[in-house]
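As structure tokens, the structure follows; a few thoughts come after it.
The values are calculated or read from the model by the stated rules, or taken from the named source; none is laboratory data. Remember, predicted model here, so these are calculated numbers, not experimental data. Cβ coordinates were reconstructed from backbone atoms using ideal geometry, including for glycine residues, and neighbour counts include every protein chain displayed.
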Amino acid sequence: MADIADEAFEREELTRQLAIRNRAVPQMTYTGECHNCEIPIDSGYFCSTECRDDHAKFIRAEQQRKIG
Ligand SMILES: [Zn+2]
């Protein structure tokens, strides 16, 4: 019983974390270019996960500047 409950909890936690990660890129529009380094891409918003992370860091820094 306990094992099944733990497993369900873990799966729920994983789904939640995935949702949070996907939310890290809010309201972006497809422009045909990577939003970070501006090289042409076929789909999505970034050419690589590195660029996505870089951009997320940039956005976070911008937000902190506005707050501070
Ligand atoms: Zn890029």
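Of the numbered criteria (1) polar (S, T, N, Q); (2) within 16 Å of the ligand (Cβ to nearest atom); (3) at pLDDT below 90, the one T31 fails is (3). Look at the range 38-66: where a residue is surrounded by fewer than 11 Cβ atoms within 10 Å (Cβ to Cβ) and a partner is not in a helix (DSSP H, G or I), sitting 6+ places away or on another chain with Cβ atoms under 9 Å, you get P40/G32; P40/E33; P40/C34; P40/C47; D42/G32; S43/Y30.
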